[in-house]
Each structure stands twice: as structure tokens, then as C-alpha cells.
Amino acid sequence: MWVGTLEFDLLLGGVDLPVRSLKEKRSVVRPVIAELQRRFAVAAAEVGDQELHARSSIGVAVVAGDRTHCVSVLEQCERLVSGRPELEVLSARQRLLRTGDDL
């Protein structure tokens, strides 16, 4: 069994679309998380920077029988998030673990 994780460090909005409140932030972050879950059958959640208006960390996890499938799903997730005009990806960190590896 393989477990793949992907963590995004995101900047929300920008000069044209500044995020001014946590309510506005939720209106940007929640649809992204929902789309990741719906399109790729992954676990996804906001995992950091909850108190900051213009920043967010989103975590994604996938479990599969082979490494290739994990990598493929995580790459598709990264392309989806990178393609969102309301987000700027500051970093995306991928990690793969196999059953028996030290977690």
C-alpha cells in the first residue's frame, strides 16, 4: 500500500482580488478543497494558516495499491490548484510512503 501526501502553501487573491476577511478566505478555499475531493477521490483539508486572511495551507492525501497511481493523482491535484487564478502556489511539497516504511 502506498500513501501520498501533498501540501500547498498558498497566497490568496492578489492586488486585483484582495482577501479582506476570513469569510472571504473561506469562499476561496472551500470550493478548491471540494473540487479536489470530488474530482480525485482524495482527502483534502485546510491544514494551516487558518487565522491569516491572505494565506492558506491545504493538505491532500491519497491511498493506492501502487506508487504510480499515487504520483499521478497528486500531480493532477497540483495542476488543478496551480491553474486556479485566485490562488498563487508558493510551494507544493509531495511525499510518498509505502507500508512498512517508518512513518
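The values are calculated or read from the model by the stated rules, or taken from the named source; none is laboratory data. For clarity, every value in this text was computed on a predicted model and none was experimentally measured. Neighbour counts are summed over all protein chains in view; Cβ atoms, including those assigned to glycine, are modelled from backbone coordinates with ideal geometry. Heads up: the accessible areas ignore ligands, DNA and RNA and are worked out on the full protein's heavy atoms, side chains in. Shrake-Rupley method; radii C 1.70, N 1.55, O 1.52, S 1.80 Å.
Is there any pair linking a residue in segment 62-85 that is more than 19 Å from M1 (Cβ to Cβ) to one that is polar (S, T, N, Q) and surrounded by 15 or more Cβ atoms within 10 Å (Cβ to Cβ), with Cβ under 8 Å and at least six apart or on different chains, and which?
Short answer, once both residue conditions are applied: E78/Q94.
Would you confirm, using the coordinates I've provided, whether G100 is open to solvent by less than 60 Å² (accessible area, probe 1.4 Å), at pLDDT below 95 and at positive phi? Give the derivation first.
Numbers: open to solvent by less than 60 Å² (accessible area, probe 1.4 Å): no; at pLDDT below 95: yes; at positive phi: yes.
Considered against the rule, which asks whether it is open to solvent by less than 60 Å² (accessible area, probe 1.4 Å), at pLDDT below 95 and at positive phi, G100 comes out as no.
Given the criteria modelled with pLDDT of 85 or more, over 16 Å from S91 (Cα atoms), over 12 Å from the mean Cα position of the chain (by Cα) and not small (G, A, S), does R20 qualify?
Working: modelled with pLDDT of 85 or more: no; over 16 Å from S91 (Cα atoms): yes; over 12 Å from the mean Cα position of the chain (by Cα): yes; not small (G, A, S): yes.
Answer is no for this residue.
Exactly one of these conditions fails for L52: (1) within 21 Å of L12 (Cβ to Cβ); (2) open to solvent by 30 Å² or more (accessible area, probe 1.4 Å); (3) hydrophobic (A, V, I, L, M, F, W, C); (4) touching a strand residue (DSSP E or B) at 6+ places or on another chain (Cβ under 7 Å). Give me its number.
Tallying (1) within 21 Å of L12 (Cβ to Cβ); (2) open to solvent by 30 Å² or more (accessible area, probe 1.4 Å); (3) hydrophobic (A, V, I, L, M, F, W, C); (4) touching a strand residue (DSSP E or B) at 6+ places or on another chain (Cβ under 7 Å), L52 fails exactly one: (4).
Looking only at segment 23-41, filter to residues that are aliphatic (A, V, I, L, M) and more than 10 Å from the chain's Cα centre (by Cα); which one of those is farthest from F8 (Cα to Cα)?
Here is the first cut: in segment 23-41, the residues aliphatic (A, V, I, L, M) are 28-29, 32-34, 36, 41.
Next, from what is left, pick out any that are more than 10 Å from the chain's Cα centre (by Cα): 28, 34, 41.
Working: V28: 14, A34: 15, A41: 18 Å.
Going through the qualifying residues, I end up with A41.
Of all residues in segment 71-95, which are open to solvent by less than 30 Å² (accessible area, probe 1.4 Å), touching an Asp or Glu at 6+ places or on another chain (Cβ under 8 Å) and part of a strand (DSSP E or B)?
none
What about V63, is it over 15 Å from R93 (Cα atoms) and either open to solvent by 80 Å² or more (accessible area, probe 1.4 Å) or in a strand (DSSP E or B) (or both)? Don't jump to the end; show me each part of the working.
Details: over 15 Å from R93 (Cα atoms): yes; either open to solvent by 80 Å² or more (accessible area, probe 1.4 Å) or in a strand (DSSP E or B) (or both): yes.
Yes; evaluated as a whole, the condition is true for this residue.
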